Amino acid sequence: PVYGPWNSELSLASDHTEINFSFKLPKSEEEGRSDTEELFDEKPWYFIYSDLPSDKIGELKLPDKFRLPFFFLNMVFTIGHSVQVLKSDINSVVSFKRRAVQFSNSLYGSPDRMEALAGTLLLATYSLMRPNIPGVWYTMGSALRLTVDLGLHAEKLNRNYDPFTREIRRRLFWCVYSLDRQICSYFGRPFGI
């Protein structure tokens, strides 16, 4: 929806990846779904309460499958608004950050630890731009520990993964590495990696 229609002749990193042309999250076949979940299934993923009657908004519970995407979306908006420090409205920045924090439990409980690392890096980037709780040193320490736990620093472990996962692992490592160098230089402390 952002960049226009997809050109099907373009090759992806993996030609086995299917494009969701309707831009909807896949439906789960769970029994006992609530009215709220059915309402969200009828709308595309970028739907944000626009067509809801005002009396239903208060009782609306966000389905679990939307929690992690909303965390990443709000953190990207937070960082985007924070980039221009003198021009950004602090109230907008804080409201995006608070919305992201509401969904942070989904990030920390994610079975995909690389996804959790990506979210932690977003928090570290934001903490680097604005004083925040938890601070940048604590957040970066968590990212470094997770990087070492995942073995992203050992290139020989990457041979065990498919090319797409290998590339994601490399990119996450270099993001952690460069942020570690930058933050340690700012604080005058030794490098973590």
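The values are calculated or read from the model by the stated rules, or taken from the named source; none is laboratory data. For clarity, every value in this text was computed on a predicted model and none was experimentally measured. With ideal geometry, Cβ positions are generated from the backbone for all residues, glycine too; neighbour counts draw on all protein chains shown. The accessibility values were calculated without ligands, DNA or RNA, using every heavy atom of the protein model including side chains. Shrake-Rupley method; radii C 1.70, N 1.55, O 1.52, S 1.80 Å.
The charge dipole of the stretch 60-193, taken about its Cα centre with unit charges on the Cβ atoms of Lys, Arg (+1), Asp and Glu (-1) only, comes to about 100 debye. The stretch between residue 160 and residue 174 holds 3.2 nm of extra length on full extension. This uses 0.36 nm per residue minus the Cα-Cα distance. Nearest 20 debye, what's the magnitude of the dipole of the stretch 67-129 about its Cα centre given +1 on Lys and Arg Cβ and -1 on Asp and Glu Cβ? Using only the charged Cβ atoms, the result is roughly 140 debye. Taking a Cβ cut-off of under 14 Å around residue 90, the surrounding Lys, Arg, Asp and Glu residues balance to a net charge of +3, with basic ones at +1 and acidic ones at -1.
Ordered by solvent-accessible area of protein heavy atoms (1.4 Å probe), largest first, the residues 133, 90, 79 come out as 133, 90, 79. One chain, two ends: residue 91 and residue 8. Fully extended at 0.36 nm per residue, the span grows by 25.7 nm beyond their Cα-Cα distance. Can you classify the stretch 48-193 as rounded, prolate or oblate using the Cα gyration tensor, where a ≥ b ≥ c are the square roots of its eigenvalues, rounded means a/c under 1.5, and otherwise it's prolate if a/b beats b/c and oblate if not? Oblate is the answer for the stretch 48-193, as a/c is 1.5 or above yet b/c matches or exceeds a/b.
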